[in-house]
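Input: a single structure, listed below in structure tokens.
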């Protein structure tokens, strides 16, 4: 079958589905959906449909990005715009079936938004919602929209058009097109993709390799996983185009074993491609030959680094090596190799299909196109977002993310994962592009974005990231292995009240040294959280070290609980609930917390009746007049 | 093959470049790293992870420098030097970074320098001092030492992870040099450490105990258990296999206290194997013979070996012992006397032994253990090429595009030479292994041909038939350089692939593939050892390898040739020196009147003209009472020769037996007089290794007790016998005589050997030696193809003895164990012999791992333990011959190869029974 015939068939299938008289229900069955309970929702859905005897087609789809609203479904009744419902529970699911499918009440109180032609009263258009309106979906265009296990869905939505176009071009023309698009590495380093391809294309070799880096390892990052689960073909198509341009007959997808669903969907996708002749010895009848293998990584963060990844694929311990030689000259098994990450590959097909100029129309002068982020942390609407480069942090946090929960204040935004840095609230209008983020001391990174509110202690947060990078250092370089450990030990000391004068300067000295003398990106960026937290939040370090105080009340060793004698009524609730019997007192006696015994769990604070509010949590100071032993409650006059 | 012009860092090219380091212009070869250029120019850059023998690593980050136009600090050990580069090695930024890195090491290191075994050799300490680490700085940091348990499981060395700085040298040495891969870095972050698979004790890992890791550790993390710092070091040659590794013996108080490989050693480049590294305990062993011994009158030689030495012998003075020896030897006519020389003795001593036999005892009855290993090599390669030695050099094996390793378990028997094979494979070379046993090299092989024992001729002829049929032969080479091709070609007709497959049990497809790979990938080299020679058709086997090399034009060029790997440190030299019944030194025939005349003139005596008896013929003559007296040095036929029972009976028949050795060996116990020789460490001399390299060994300690260097003893015996011309003051005088009488050694002198070894032929004082033989013409003129026929082994399995026994050696022991069984470390690593058996045979015989079994052949029986292993095919069992407690040679077949008189040690029919 020629590609044209395949396409016709796929479009026919898609249209038939679209025009079907059946009710269609799309359910987000990515890992995020499943984690939120989508499997239970699916069960309920099936049972209810059976019970109500309703004919409906159920389509599991990938993540549409509204993770905060998972489990999420999209209900399509013929002739009507589709309706999205989020934050579903089994009960709500049943209600929606009864109310909307049977009684035709779309339940505007539960609906998130609509999609498609027409409107429904009281329900906004989904893509007009502030969470979606600023977004531009290129990489994620199919996520949540198509069945990720159906190659026909992908093809019917323009899939493999880019490849077909590329195969009609000369490899150099493909590279030129990608160069012109301005696409830069979405793994975080931001190297121009077309130029990288050019190096590998120009290298001499009897065989060359392309590798897709799907070793997403930043804590809190899930861009690549969601993309591979939601639309594996968009990544594969990009890899094929790159392989054609570079002249690589073989490729690898290096993906962490913790992503079983993504792996499964990739395997299905590759099998479907084989059936359609989209992978193999004569792709689309062009004579282009390409085969791909999936290599499951064992979860070492450092294997996301190119040279470590290649070592791991070769069966060796994943440890980085020095460059030169660069992978483009001597990579996998000593052959020229090009590595791009999932998101970079996912942009390629659209660039080919719609043209470099169209793509370069998004973004800033130096950072073209869009970028995916995992928006997480202290933000109302967490999720997977795709935004044009140059958008401000403010738009992301406040419009897309809906601001900080409970009306609290924004303190900082952390970008770039554990190797990134903190951008303080004062820089909230910073445009999100490679250069601006670097200038602010952070990095673009692969797309982790953690929102930090006023309740977060920056020293403690820094400690968290250092704990991660220290544990993930491969151990090869002394500055990285022991430098991160030293910094972590100092941070632990500071957060536990053992900070010494000069520690901040020492941290800076160590951080600069680790940064400048480490071999690979892990060590070179691991100190970023330390440096940026000192740069923007030095006062927090000082208060920990000098005043032994944590104003965010997060560092347990620096906080204390006290019972105020003028408020305590001797009700004994706190004493009874204390898990370590640290509270002394009797009926009508002012209770006293034994500070040596107290484990600072906060149960006393939570348990003290609000009308008394006798328990206080403090740091660095002690309320006056706290008795040493229980004393009788003084009756109010 | 790949055609990518990749820049290999660290590999010195030829193009010259110029760069500036600290303002000083430096010239360098392209391809060198910045670090190498700086060190070469005398500019010190501290580093803990750089090792010139290992690939650039860039882990310690101490060698960072600033290079103009390059961002940040770069590690000089991984950065190739380029033309015009401006390098600064000591900027404030560089120094600051180094200081912090060093401080981080310091706070994570145990500070017990005074009691640390590494102490004055500690690289870490040296660099700490160079960088000027100050207490004040260290005190700012958090002390990070974790206390991890020591691994003391290995008998030779200790691993103390607390002193490890994770420079990775040990791991890289284990992978890149030894190609073992027993250790790697495990875990991550601060928990990262050197570990074996599964983090088990090193003694339970696949470690081959070569100690490359220990030798390279810059700190006290890997230290030998027993070594002491030496008072002085003496350069010598390893006393074990034929590779001839150059070593430094560390001496203190007349004892060997340390050993290290010589980094400049031509064959070993600093490497050593387990025996060469740890196997010196025998030198100062309490059981060394220290005085001459004379058999107590009336104690029968046939007495059981378990009698104590002092019940059999009495101590004697040298005068008395020498007088007795001379008196007795005088009693017999020349044809009743035999001399057995030693492949463990120096060239000078072997020269003297044959001179004693020929000039004093007037007999050509002189032979040595080469008869049991490479007699077919000499017989075969002389026929084909005109010279019976390794055609090429050890070093050029590493550059071969194809290696056929047939009948050699190189990693066990020539471990350091095996490094070159794995290097060749790592450089993209193809390895073909032909061996019934699944040897370690199979891990690296593109093709493994598991042929039936004793079917090498069929296998090789089958391959050659494919090469001829497919036109893959080198016609030009054959036409110009060889003769008798047509007759040979005709003999290939007998070797249809059907026939070859039936005989060898190797599938035809594999034979075809091996033939193609060997013929297409040039240069190709053939390596072989006892698996080829120890057969009743051993010479035919050798001829087959020579045919294959000529057929593909693989002779006379680097990385080609036919390369017999010699077993003992001086087996090549003993042959070169004429410790053979048919030739004088330099393979000059005793039957040639002109040559005889030359030696008669030099030695001022009349010499016998007919060739003498070979080793086994002498024993056979003794058995039949035709041979009456035997003078034997450093050999142990009671373990090494086939059919030991028969050997014992033969020795018992002798009227007079003199054994000269360093220990009271199994054979020495049969002697009438035992003369205590000095070990290699106690005397001067030269040894010739397997690649024909003559190397100088030096006296490091005084002879133990009243033992004497063998050359001195031989001279005394000769003089007692009234001979003239045995009054040498020092071995150098003996070498002068050798040099005058032996054309191939004509340019070899002690003076020249001070600058390193020389490979013969080295005919004149200005000749540089010969790394590759037969470059323009073969030694015999044209290379001669020899037609061959397949002959099966003499004894095949049958109903009574259904299994084939094949024998060999273990990495941990040497020959009959005279030396290695006296070494605590080696005995701990391999305490006893076993019979290895395939799981299928084992289960059929109801034998489990470790069971006590009886192995018997038509000639005797041996009780030993069973080791069940997948490495053997069904129908074949394997034993080593090192162990007196379970002597494999009780079982072996003494049937001889008609040409070379080597016995068929590799194939005997046996049965195995569970006890």
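Nothing in this text is a laboratory measurement; each read-out follows from the coordinates by a stated rule. Everything numeric here is computed off the predicted structure, so don't read it as measured data. Here the Cβ positions follow ideal geometry from the backbone for every residue, glycine too, while neighbour counts run over all protein chains shown.
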Cβ neighbours within 10 Å, averaged per peptide: list A:513-519, A:105-111 in order, most packed at the top. A:513-519, A:105-111
Under a point spin-label approximation (7 Å from Cα along Cα-to-Cβ), what is the residue B:95-residue B:469 distance to one decimal in nm? 7.5
Inter-part gap, Cα centre of segment B:409-440 to Cα centre of segment B:201-266, in whole angstrom, is 23
Hey, fewest Cβ within 10 Å first, where do B:704, B:804 land in order? B:704, B:804
Taking a label point 7 Å from the Cα of residue A:54 along Cα-to-Cβ, the residues of segment A:89-113 whose backbone nitrogen sits under 13 Å from it are A:92-107
Classify segment A:272-330 as rounded, prolate or oblate, taking a ≥ b ≥ c as the square roots of the eigenvalues of its Cα gyration tensor: rounded when a/c is under 1.5, otherwise prolate if a/b is larger than b/c and oblate if not. oblate
Global form of chain A, assessed from the alpha-carbon gyration tensor, a/c cut-off 1.5: oblate
Just to confirm the number: angle between the C-alpha axis of helix A:342-354 and the first principal axis of chain A, 0 to 90 degrees, nearest 10? 40
Take the Cα of residue A:207, step 7 Å along the line toward its Cβ, and report every residue of segment A:250-272 whose backbone nitrogen sits under 11 Å from that point. A:250-251
What order do you get for A:84, B:680 when you list them from fewest to most C-beta neighbours inside 10 Å? A:84, B:680
Which FRET efficiency value, to the nearest 0.05, do you get for residue B:597 and residue B:254 by plugging their Cβ-Cβ distance into 1/(1 + (r/R0)^6) with R0 = 60 Å? 0.80
What span do the alpha-carbon atoms of the protein assembly as shown cover on each of the three principal axes, reported in whole Å from largest to smallest? 131, 85, 73
Hey, rough spin-label estimate for residue A:429 and residue B:702, points 7 angstrom out along Cα→Cβ, what's it come to in nanometres? 9.4
If you average the sequence gap of Cα pairs under 8 Å that are 6 or more apart and divide by the length of chain B, what percent do you get for the contact order? 13
Could you tell me how many degrees, from 0 to 90 and to the nearest 10, lie between the Cα long axis of helix B:318-330 and the main elongation axis, the longest principal axis, of the Cα atoms of chain B? 40
For segment B:39-107 and segment B:697-759, what is the separation of their Cα centres, given in Å? 50
Which FRET efficiency, nearest 0.05, do residue B:854 and residue A:20 yield, Cβ-Cβ r, R0 56 Å? 0.10
Compute the distance from the alpha-carbon center of segment B:290-348 to that of segment B:603-665, in whole Å. 12
Assuming 0.36 nm per residue, please report the length gained on full extension of the stretch residue B:41 to residue B:870 beyond their Cα-Cα distance. 293.1 nm
As a check on your grasp of the helix formula, calculate [θ] at 222 nm for chain A: sum -39500 (n - 2.57) over DSSP H runs of n ≥ 4, divide by the residue count, round to the nearest 500. -11000 deg cm²/dmol
Counting only C-alpha contacts under 8 Å and six or more residues apart, can you give the relative contact order of segment B:398-472 as a whole percent? 27
Taking 0.36 nm per residue of sequence separation and subtracting the Cα-Cα distance, how much length would be gained by fully extending the chain between residue B:285 and residue B:191, in nm to one decimal? 29.6 nm
Within 10 Å of each residue's Cβ, count the other Cβ atoms and sort B:444, A:465 from fewest upward. B:444, A:465
At 7 Å along Cα-to-Cβ for each site, give me the label-to-label distance between residue A:170 and residue A:326 in nm. 2.3
Test item: B:179-185 mean partner chain Cβ contacts at 10 Å: 1
So what's the angle, to the nearest 10 degrees on a 0 to 90 scale, between helix B:538-551 and the longest Cα principal axis of chain B? 50
Mean per-residue count of partner chain Cβ within 10 Å for B:87-97 equals 2
What is the mean projected area of the alpha carbon convex hull for segment A:350-450, to one decimal in square nanometres? 6.3
Calculated from DSSP H runs of 4 or more alone, at -39500 (n - 2.57) each and per residue, what is the 222 nm mean residue ellipticity of chain B, nearest 500? -7500 deg cm²/dmol
Need one word for segment B:779-915: rounded, prolate or oblate. Basis is the Cα gyration tensor (sqrt eigenvalues a ≥ b ≥ c); a/c below 1.5 gives rounded, then a/b vs b/c decides. oblate
Fraction of antiparallel bridges per DSSP, segment B:782-897 only, in percent to nearest 5: 50
Under 16 Å by backbone N from the virtual spin label 7 Å along Cα-to-Cβ at residue B:119, the residues of segment B:266-284 are none
Across A:505-512, the residue-averaged tally of Cβ atoms belonging to other chains within 10 Å stands at 2
Kindly state, to the nearest 0.05, the FRET efficiency for residue B:135 paired with residue A:617, given R0 = 51 Å and r defined as their beta-carbon distance. 0.80
